[in-house]
Amino acid sequence: MPFDFEGSSGTWKVMKTSDNYPQVMQKLGMSPGNLEKLMQIGVWSEVKDLGDKYSFKSKMMGLEMDNTFKLGEECEQTDFAGTKRKVTFTVEGDDLVAVYPNFDGQGLHVRQTRTRTDQNTMRMTFKIGELVGWNEAKKM
């Protein structure tokens, strides 16, 4: 089945992670304290199909982000901290893939894959150079 964009709306809580998940999140710029908080809360998101584009809104820890993207085209994404990055979203089979060619402004290549394993479970896999880690979140 193709990736279910609008079915991705809701509140999600990370339930499982790879053993190296803290290392992965640190590589992406998240402090250990914020990672600890993230593991204890739900993250609300809303995904809307706007015809030829998609809108993605998300809230966590009092922060919000709102981005719009078109599949297959590079766009600018603003994260929770206000950092802007170039990213290209594609659908590969059943997965939504985001590729950041220069995540940190110093050439760090990041590939993030979202896979809906069932209606209430999403697995996010991060590939940062040779480092690969994942989390699995449940819809609350």
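Would region 85-108 turn up any residue that is part of a strand (DSSP E or B), surrounded by 13 or more Cβ atoms within 10 Å (Cβ to Cβ) and small (Gly, Ala, Ser)?
There is at least one residue in region 85-108 that is part of a strand (DSSP E or B), surrounded by 13 or more Cβ atoms within 10 Å (Cβ to Cβ) and small (Gly, Ala, Ser).
Hey, could you check region 14-45 for residues that are at pLDDT below 90 and of a type in the set (D, E, K, R) and say which is surrounded by the fewest Cβ atoms within 10 Å (Cβ to Cβ)?
That would be Glu36.
Just name the residue that is farthest from Glu74 (Cα to Cα) out of those in region 98-140 that are of a type in the set (Val, Ile, Thr) and in contact with a helix residue (DSSP H, G or I) (Cβ under 9 Å, 6 or more places away or on another chain). Outline the logic, then answer.
Step one: filter region 98-140 for residues of a type in the set (Val, Ile, Thr), giving 99, 110, 113, 115, 117, 121, 125, 128, 132.
Subsequent filtering for residues that are in contact with a helix residue (DSSP H, G or I) (Cβ under 9 Å, 6 or more places away or on another chain) retains 110, 128, 132.
Values: Val110: 14, Ile128: 19, Val132: 23 Å.
Across region 98-140, the extreme among qualifying residues is Val132.
Does at least one position in region 109-118 carry a residue that is modelled with pLDDT under 95, surrounded by fewer than 16 Cβ atoms within 10 Å (Cβ to Cβ), assigned to a loop (DSSP other than H, G, I, E, B) and touching a strand residue (DSSP E or B) at 6+ places or on another chain (Cβ under 9 Å)?
No, that holds for no residue.
What are the residue pairs meeting all of these: first residue in region 106-119, first residue within 22 Å of Glu6 (Cα to Cα), second residue of a type in the set (Gly, Ala, Ser) and at pLDDT below 95, Cβ atoms under 8 Å, and 6 or more apart or on different chains?
That search, which allows pairs on different chains as well, returns Arg114/Ser8; Arg116/Gly7; Arg116/Ser8; Gln119/Gly7.
What number of residues within region 1-22 satisfy the criterion of being in a strand (DSSP E or B) and within 22 Å of His109 (Cβ to Cβ)? Even if it seems obvious, please write down each step before you answer.
Narrowing region 1-22 to residues in a strand (DSSP E or B): 10-17.
Those still in the list that are within 22 Å of His109 (Cβ to Cβ) too: 17.
Of the residues in region 1-22, 1 are in a strand (DSSP E or B) and within 22 Å of His109 (Cβ to Cβ).
Checking the condition within 21 Å of Ile128 (Cβ to Cβ) and part of a loop (DSSP other than H, G, I, E, B), which residue from Met65, Met30, Met25 passes? Quick ask: steps written out before the conclusion?
Details: Met65 fails: part of a loop (DSSP other than H, G, I, E, B); Met25 fails: part of a loop (DSSP other than H, G, I, E, B).
The conditions single out Met30.
State whether the residues of region 50-59 include one that is within 22 Å of Met25 (Cβ to Cβ), out of contact with any strand residue (DSSP E or B) (no Cβ under 7 Å at 6 or more places or on another chain), modelled with pLDDT under 95 and charged (D, E, K, R).
Step one: list which residues in region 50-59 are within 22 Å of Met25 (Cβ to Cβ), which gives 56-59.
Then drop every residue that is not out of contact with any strand residue (DSSP E or B) (no Cβ under 7 Å at 6 or more places or on another chain), which leaves none.
No; the residues of region 50-59 include none that is within 22 Å of Met25 (Cβ to Cβ), out of contact with any strand residue (DSSP E or B) (no Cβ under 7 Å at 6 or more places or on another chain), modelled with pLDDT under 95 and charged (D, E, K, R).
Which members of region 33-45 meet the condition of being touching a strand residue (DSSP E or B) at 6+ places or on another chain (Cβ under 8 Å) and not in a loop (DSSP other than H, G, I, E, B)? It would help to see each step written out before you state the result.
Our first condition is that a residue be touching a strand residue (DSSP E or B) at 6+ places or on another chain (Cβ under 8 Å); within region 33-45, this holds for 38-39, 41-45.
The answer is Leu38, Val43, Trp44, Ser45.
The values are calculated or read from the model by the stated rules, or taken from the named source; none is laboratory data. Because the structure is a prediction, the values reported are computed rather than measured. Glycine gets a Cβ as well: all are built from the backbone with ideal geometry, and neighbour counts include every protein chain shown.
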